[in-house]
Each structure stands twice: as C-alpha cells, then as structure tokens.
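These notes concern the structure reproduced below.
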Amino acid sequence: MTAYPPISEQLDDLEAAREEGRRKMDWAAQHMPIMEAVGDEFDANQPFEGERIAMAMHVEAKTAILVETLADGGAEVAVTGCNPLSTHDDVSAALDTHENITSYAKRGVDDDEYYEAIEAVIDLEPTVTVDDGMDLVAAIHEDYPELIDGIVGGAEETTTGVHRLRAMDDDGALEYPVFAVNDTPMKRLFDNVHGTGESSLASIAMTTNLSWAGKNVVVAGYGYCGKGVAKKAAGQNANVIVTEVEPRRALEAHMEGYEVMPMADAAEVGDVFLTTTGNRDVVVREHFQSMKDGVLLANAGHFDIEIDLDALDDLAVDRYEARDGVEAYEMEDGRRLNVIAEGRLVNLAAPVSLGHPVEVMDQSFGIQAVCVREMLENADEYDAGVHDVPDELDKEIAEIKLEAEGVDFDSLTDTQREYMGSWDHGT
C-alpha cells in the first residue's frame, strides 16, 4: 500500500518531542476520571486482545489518552490525523513509543501526505475503525474494499462524519456497522455545546488578542455547536447574531433572545463570523463584498469549505500574514478581511489552539471507548449501517462522571418505573 513513515522517523529532536508530549498527556490524564475508570477495566480484562484498531483523529493530548487506553486493553493500534493542522507532533511522538501503537500523525502535511498517512493506517488491516470526519471509512470503502469483510465495526466522533456516514448508508454503500458517537446525549450536550463554544472562542481570542465584549458575533448555524458558540459569546458580552436555513432552529434562536437574519444582512454588520454548519459555501463572495474593514472570519466545522476562500482570494488585491495564524485579505477599496487558521477547524488548527477542554473530551472519549468494547462484544447484533449508541452505554459514562465529581442523584422507585412503562393509568 504505502511506505509512509511513522512520526518517529520524521522529527529531528525525537527525545525532546517525546518528553514534551508525555508531559502534555500526563496533565490531561489527571483530569480524565472517566478514561481512568474505563482504562482500569480494559487493562484488567484485555477486551481488545488480538484486535487491530485503525484511528483517524485529532492527535493531541486528550485523544492520546483514548489511543493508549485502547492499546492498553490489548489492541494493536495505528493512528493518524483527521485534519492537516490539528496534530501535536510531540504527542504523536510520545504515542509512537508505545509497543502497541504506531502513529503517523504529523502537523502541516499537504493533501498527498495526509492521505498517504491514512493509507499507512489502513495497512494495519483493521478489525475496528475509530474515525473523526469519516475520511478513514471512506478511504477503506473506496480504495480497499477487500478489507471490509475483516472489519467488525467502527465508531464516528463528529457531526460532519455522521452526516457523511448517514448519506453513505442511505445510498446503500456503507458495508459495516458504525456507531454515531456524535449523536449520543453525552457527546452533543457537552462536547458540541460546551466544548465547541469554549474552545472556539478561546482559540480566536488567543490568536488575535482581541476582546469579545461589544462585538457583533455572527454564528452561522444553530445546531448544538452553534448553540454553544452563541451561548459562550453572549456570556462574554458580545452581541450575537444567528443565521440559519432551518426554520425551527431559526425560531429557537429568536426565542432564546438572539437576533436572527440572513447572512446577506449579517455580513453588513458583523465583526466576527464563525461558521458551525458542517455545510459548504456558508460565507461567499457576495458577503465578502459588503463586510466591514477588519472583520474576523473563522470556522468551527470539520472541513475548510464553509468560508469560500477561493472567492475571497479572487477578490483580494493583496494577501499577507497579519499575525501568526491570521491571513489578511485586502480588498480593492482597502478593506481587510482576516481569516483565522486558514478557515480550518479553528479550535484545533489555530496556532495556540488546544481543542476542547480536557473534562469535556473525557466524556466524549469515554463514549468512544465503550462503543469499541460494545461493537466487539456484541458484533452479531449490528448489521452494516449507522447505529445509535445504546442508551445504557451513555448512562454508564454519565454515572462514572457524576461519581468522580461527588454528585449524588435520585433513582426511580419500582412504582415510578412501573408507571412510566405502563399505558393503562388514566385520570
């Protein structure tokens, strides 16, 4: 397939990188009680012994804890990045020291290198896939269909990946079962809302050194991620404007106190534009033409297609690096439109971005880990296609988190449980 080298063969000062990567991972692990509990179970029971797990993820410290947890549970693991700018090379190098892990993830690769690394991961001939964005699953189906019979199943982390999987499933093209981890409550309610909201705004603030207070912040899309961005921006005293194409979500944003308008109108008044739709061409040529001087353009969706950078480049008479991670596009009339992190996933691709908070990803990766366990333990129950995460797995992770936080909660009595499960209790 490919001779693409692991990260350990690509770095100059390998030992220093490994040491720094391990330091980052140790810090994350201290704040991940769910992964600690799940890891202790996996280490004791070795549920993945003999399995080969292929992963395409954002390879940074929190993700590394998931990768090691699966490897410590007995699996042979190969991992690469799912975004050219989201890998931390030192963390990737630290992972590559584990006897059961080969890491091909490297920051700043071009398109060819990105897909060569995915092919290197596929060389493992996986029995399970763990994906973020579905590039790994797509590559297997398109280029290595002969491997599909040996794959028990997979898990998909993010909104965009689940959208792609469902479209593939609707076309009858998805040939093994995959859990839609993104769609489970423990992922949507915390990772998408709090994680995306906090980390996107923090990354933009650290990259630009600008305040949110008093700015008109345009949030494109009012799904779970958009809700989180809007909520956190409003909490930092920004004026939030929401754009939507789905009438019920537009109404929801309106009822929650945000100004709702078409992007064409928002383009004239916005100071910061943050896309969270998972779709393409959300901010386009006609919008650039009416924007104010100095606006910030950023994307919190998985792929760099929400802001039409080709059109922006075509309109610009000059283009230069205004700050590390900020590209200024100067228009013919002197206006400057500033794109952060090349329009890629801003909370992971900006120069000082760290992704979602550790505590948030502890919950999401806990779900990923138990989904892999479930897929292998009960493979016969899942046909090819997209599957919801079993509710008991989601509750399992929530209960671990509550216990770690010292939070007690009520349980249904037998009488209440019988009542809720019955239809014959009338007035």
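The values are calculated or read from the model by the stated rules, or taken from the named source; none is laboratory data. From a predicted model like this one, the values you see are computed outputs, not experimental measurements. Here Cβ is always computed from backbone atoms with ideal geometry, including for glycine, and neighbour counts include all displayed protein chains. Keep in mind that these areas ignore ligands, DNA and RNA; they rest on the heavy atoms of the full protein, side chains included. Shrake-Rupley method; radii C 1.70, N 1.55, O 1.52, S 1.80 Å.
Close contacts from segment 13-42, counting a first residue that is in contact (Cβ under 8 Å) with a residue 24 or more places away in the chain and a second that is open to solvent by 20 Å² or more (accessible area, probe 1.4 Å) and of a type in the set (Ser, Thr, Tyr), with Cβ to Cβ under 7 Å and a gap of 6+ residues or different chains, come to LEU14/SER8; ARG18/THR97. Could you check, for segment 60-82, whether at least one of its residues is of a type in the set (Ser, Thr, Tyr), within 21 Å of the chain's Cα centre (by Cα) and open to solvent by 40 Å² or more (accessible area, probe 1.4 Å)? Within segment 60-82 (the criterion being of a type in the set (Ser, Thr, Tyr), within 21 Å of the chain's Cα centre (by Cα) and open to solvent by 40 Å² or more (accessible area, probe 1.4 Å)), the answer is no, since none of the residues qualifies.
Residues of segment 285-302 being open to solvent by 30 Å² or more (accessible area, probe 1.4 Å) and part of a loop (DSSP other than H, G, I, E, B), which ones?
Across segment 285-302, the qualifying residues are GLN289, SER290, LYS292, ASP293, GLY294.
Can you find, within segment 346-384, the residue that is surrounded by the most Cβ atoms within 10 Å (Cβ to Cβ) among those that are of a type in the set (Asp, Glu) and within 18 Å of THR184 (Cβ to Cβ)? My answer is ASP362.
Annotation: TYR320 fulfils all but one of (1) of a type outside the set (Asp, Glu); (2) modelled with pLDDT of 95 or more; (3) buried (at least 17 other Cβ atoms within 10 Å of the Cβ); the unmet one is (3). Annotation note: of LEU337, LEU393, the sole residue that is of a type outside the set (Lys, Arg), out of contact with any His (no Cβ under 9 Å at 6 or more places or on another chain), in a strand (DSSP E or B) and open to solvent by less than 30 Å² (accessible area, probe 1.4 Å) is LEU337. The criterion of at least 1 residues that are within 28 Å of ALA328 (Cβ to Cβ) and over 23 Å from the mean Cα position of the chain (by Cα) is met by the following strands (runs of 3 or more DSSP E) wholly inside segment 174-263: 216-220, 239-243.
Among the residues of segment 196-229, the ones that are of a type outside the set (Val, Ile, Thr), closer than 23 Å to GLY325 by Cβ and buried (at least 23 other Cβ atoms within 10 Å of the Cβ) come to 10 in all.
The set of residues from segment 139-165 being open to solvent by 50 Å² or more (accessible area, probe 1.4 Å) and under 19 Å from GLU381 (Cα atoms) comprises just one member, ASP149.
Let me spell it out: the conditions are (1) in a helix (DSSP H, G or I); (2) closer than 30 Å to LEU201 by Cα; (3) open to solvent by 40 Å² or more (accessible area, probe 1.4 Å); (4) in contact (Cβ under 8 Å) with a residue 24 or more places away in the chain, and GLU399 meets all of them except one. Which number is the exception? Of (1) in a helix (DSSP H, G or I); (2) closer than 30 Å to LEU201 by Cα; (3) open to solvent by 40 Å² or more (accessible area, probe 1.4 Å); (4) in contact (Cβ under 8 Å) with a residue 24 or more places away in the chain, only one is false for GLU399: (4). In this structure, SER422 does not satisfy being hydroxyl-bearing (Ser, Thr, Tyr), in contact (Cβ under 8 Å) with a residue 24 or more places away in the chain and open to solvent by less than 70 Å² (accessible area, probe 1.4 Å).
No other residue among GLU49, GLU36 is open to solvent by 60 Å² or more (accessible area, probe 1.4 Å), within 20 Å of MET186 (Cβ to Cβ) and not basic (Lys, Arg) apart from GLU36.
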